Structure formats: structure tokens, C-alpha cells
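Coordinate-derived values only; no laboratory data. The structure displayed is predicted, hence computed values, not measured ones. Note that each Cβ is placed from the backbone with ideal geometry, even for glycine, and that neighbours are counted across all protein chains shown.
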Amino acid sequence: MLCCPVAPHKLSPVQWAFTKGGKYQNKLQSRSVKCAGLADFIGGDLIKPDLGRWLEDVEKYKALAVYSPHEGGYEGRYLTRLRYQGYVFLDLSARGLGDPETTLTKIHPVCPPHLGRQPIARWYFPPEVDYRLNLLPPEAKGLVVWIIEAKVLSKAELQFLALLPSLRPKVRVIAECGNWRKFIWKPLNEIAGLSLAEELQGSTQQA
């Protein structure tokens, strides 16, 4: 028989869960929250000592695979820094992109959805990358192709994205290939399994 100050039938489900042996045991008091570091005090988006290395790696590798936290928001700090450098952005989603080589560098057909009895039409669009390069202002440093949800792309498609800066020298590629506890990045050719020798050979063949 329970000996509690309130009748059991008058307790709420939450109160009944914390009742044992006629005494309330507040389990929330036994839980403690520990601070992981200085970022928890002043905001993790304000402490970014790796922004300089980020700009160096973008110019060095020209194509990067990035991994951002699930809650999002951190990648905007790195995107803004590239914008300060004079880059113009082309934001694309890997879902529905189709063949990256055809969509980005060639004239490609697009079939809009038809409604019932309407004929299936086919419209042709210019290459996305070449079209944006022609529209760059004279003071722009280059074009950054930022692709979200790139984890759905195949290995061959990632290899083409890694080779794209060698085909278009003013283009930089940033592909969001997954998530991690913090914002990290790696060269896209390593993620795609493309060695440096294969990358140079592919660029010379395309030339």
C-alpha cells in the first residue's frame, strides 16, 4: 500500500512516474549538464579559428566535400567568408540534378510535368555553369557551385565534380556529402576515390 501525501488516483501521469515507495524522487535533479568548452558560453558560431585554413583549402583543392552538424547553420559562416572574397554562388540540390556533366556543362533538355491531355514538351536549357560564368560581373573572383544533399550522388558523379574546376578554372565546387558533430571538410577527390594522377590525366584528356 502506497503512503503518499496525495491519493494515487489524484496524481498526474508525470507525478506518478516520479513516485516510488510513497516518496517523490525527482530524477531530473540527478542529471547534470556539463559544458563542452568555451563555445557553449559565447556561441559556437562566433569561434571559427579555421576560417583562414578554409579559404586556403578552397584555393588549393578547388573542390571540397563538407560535413556539417545536423542542426545546420554553421555552414553559413564559411559561405559568407567566400562571398566576402568576391565569389558568386550557384546553389543546387543533388536531388533532381540529373547527370551533373550534362546539366552543368552542356545544353540539356528538361521535360516539364504535363497535366492530362497536354503533350509532353521538351525544353532545352543552356549549361548552368557556363551560363553563370558569362553573367559574372568583372570584379567577381569566380563562381562557387554549392551542392546540397550531395550524399545521394554516385562515385562517378562526385568524380566529375572533383574534375570540374580543372575544366572551368574560375569554378570552385563545395559538396555537402554528409553530417558530422562539427563543420569539417576534405578534398573532394579523396572522397570520390580520385587520385591526383587520375585527376591530372582527366584534365589533360578533356583539354
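Near Phe89, the amide H atoms lying under 5 Å from its own belong to Val144; only residues 5 or more places off or on other chains count, and H is placed 1.01 Å from N.
Counted by Cβ distance under 11 Å from Ile174, the other residues give a net charge of -2, where Lys and Arg count +1 and Asp and Glu count -1. Charge tally for Asn134 (other residues, Cβ to Cβ under 14 Å; Lys, Arg +1; Asp, Glu -1): +1. With distances taken between every two different alpha-carbon atoms, region 90-178 has a Kirkwood hydrodynamic radius of 14.3 Å.
Expressed as a fraction of 2.2 N^0.38 Å, the C-alpha radius of gyration for region 115-156 is 1.82. Tell me the net charge near Leu153. Cut-off is 14 Å between Cβ atoms, Leu153 excluded, with +1 for each Lys or Arg and -1 for each Asp or Glu. Net charge around Leu153: -2.
Going through the cross-link list Lys106/Lys186; Lys60/Lys151; Lys62/Lys141, which pairs have a Cα-Cα distance over 25 Å in this structure? Correct reply: Lys106/Lys186.
The packing ranking, built from the mean of other Cβ atoms within 10 Å per residue, places the peptides 50-63, 162-175, 141-154 in the order 162-175, 141-154, 50-63, highest first. Close amide H partners of Ala63, meaning residues 5 or more places away or on another chain with modelled amide H under 5 Å apart, are Val173, Leu188.
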